[in-house]
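The values are calculated or read from the model by the stated rules, or taken from the named source; none is laboratory data. Note that the structure is predicted; figures quoted are calculated from it, not measured. Methodologically, a virtual Cβ is constructed for each residue, glycine included, from the backbone with ideal geometry; neighbour enumeration extends over all protein chains shown. SASA here: full protein model, heavy atoms, side chains in, ligands and nucleic acids out. Shrake-Rupley method; radii C 1.70, N 1.55, O 1.52, S 1.80 Å.
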Amino acid sequence: MDPSFPTEVEIREVGPRDGLQNEMVLPVDQRVALIDALSATGLKTIEAASFVHPKAIPPMAGSAEVMAKINRVEGVSYRALVPNEKGAHAALDAQVDEIEVVMSASATHNIKNIKMLPTESVQQIIALTKISHSEGTPVEAIVSTAFGCAYEGDIDPKLVASYARQLMDEAGVDSLSFGDTSGMATPRVVMELLEALREQQIE
């Protein structure tokens, strides 16, 4: 094993948000039961909800109620995805432990997903981070389609790294993650992105 590689990984459970948002609408109490069961497994990070308009993603309706009812286990971080300033305020009111914001490196995917260019998403993330930090809540930025896009194909790793640098420097996010949205990551593609991130001095 390359000695420069980390010796451990973080397992993050995203089922209550990413897993359910494209499924049938589950009652709040069933979503709470799922999160409570996951909390008992030893996980340290659970993506519990998304504060989006219920008409946009009906399975995420009632996220504030979900957050109010879950049995919070010490040492577990309960996170929520937010799409805009209204969602950020709602998530903070619900006392989430961390806010997640997302943008796509692919312009086509970003427009189809959130109706913005990536450069506009960077500006929005700057605003959302300011709101979250004003309440002392950390922010993680997720760059999706980081390893390829179903619409655009290969994504230049240097482009992904440049967005990551902006999110760190201009938005001041606390952490970054990169999504294999289209299932196109291979060892070569991952290593190319890691190299591009190192060139940007992002470790």
| task | Please identify every one of the GluC sites (Glu not before Pro) in the stretch 71-115 that sits in a loop by DSSP and has no more than 13 other beta carbons within 10 Å of its own beta carbon. | result | Glu74
| note | For the stretch 1-56, averaging the sequence separation of alpha carbon pairs under 8 Å that lie six or more residues apart and dividing by its residue count, the contact order in percent is 50 percent
| query | To two decimal places, what compactness ratio does the stretch 106-203 give when its Cα radius of gyration is scaled by 2.2 N^0.38 Å? | reply | 1.06
| field | Pairs of Cα atoms farther than 29 Å apart, the chain, % | value | 24 percent
| query | How large, in Å, is the stretch 77-137 by the Kirkwood hydrodynamic radius built from its alpha-carbon pairs? | reply | 11.8 Å
| When the chain is fully extended, how far beyond the present Cα-Cα distance does Met191 get from Ile126, taking 0.36 nm per residue of separation? | 20.6 nm
| Heavy-atom accessible area per residue, the stretch 1-131, 1.4 Å probe: how many Å²? | 54 Å²
| Asp169 versus Lys86, label points 7 Å from Cα toward the beta carbon: distance in nm? | 3.4 nm
| remark: Once Asp156 and Ser4 are pulled to full extension, the length gained, defined as 0.36 nm per residue separation minus their Cα-Cα distance, is 52.4 nm
| request: Please turn the phi angles of the stretch 64-75 into ³J(HN,Hα) values with the Karplus equation 6.51 cos²θ - 1.76 cosθ + 1.60 (θ = phi - 60°), one per residue in order, whole Hz, x for glycine and proline. | output: 4, 5, 4, 5, 6, 9, 5, 8, 6, 9, 4, x
| said: Using a 7 Å offset from the Cα along the Cα-to-Cβ direction at both Ala68 and Asn22, what is the distance between the two label points in nm, to one decimal? | reply: 3.1 nm
| query | To one decimal place, what Kirkwood hydrodynamic radius in Å is obtained for the stretch 14-130 from all pairs of distinct Cα atoms? | reply | 14.6 Å
| task | Starting at the first residue of the stretch 185-190, write each ³J(HN,Hα) from the Karplus equation 6.51 cos²θ - 1.76 cosθ + 1.60 with θ = phi - 60°, in whole Hz, x for Gly and Pro. | result | 6, 10, x, 5, 5, 5
| Accessible-area composition of the chain, carbon plus sulfur, in percent [1.4 Å probe] | 53 percent
| field | Whole-number percent relative contact order across the chain, with pairs defined as alpha carbons under 8 Å at least 6 apart | value | 15 percent
| For the stretch 115-203, what's the relative contact order in percent, using C-alpha pairs closer than 8 Å and at least 6 residues apart? | 35 percent
| remark: The set of residues whose placed amide H lies less than 5 Å from the amide H of Ser144, leaving out same-chain residues fewer than 5 positions away, is Met103, Ser104, Ala105, Gly179
| task | Choose one of Pro83, His133, Gly153: the residue whose Cα lies farthest towards the positive end of the charge dipole of the stretch 81-159 (beta-carbon charges +1 Lys, Arg; -1 Asp, Glu; about the Cα centre). | result | Gly153
| note | Under the helix-only model (-39500 (n - 2.57) for each DSSP H run of 4 or more, divided by the residues of the chain), the mean residue ellipticity at 222 nm, to 500 deg cm²/dmol, is -11500 deg cm²/dmol
| query | Applying 1/(1 + (r/R0)^6) with R0 = 35 Å to the Cβ-Cβ distance of Ala56 and His133, what FRET efficiency is obtained, to the nearest 0.05? | reply | 0.85
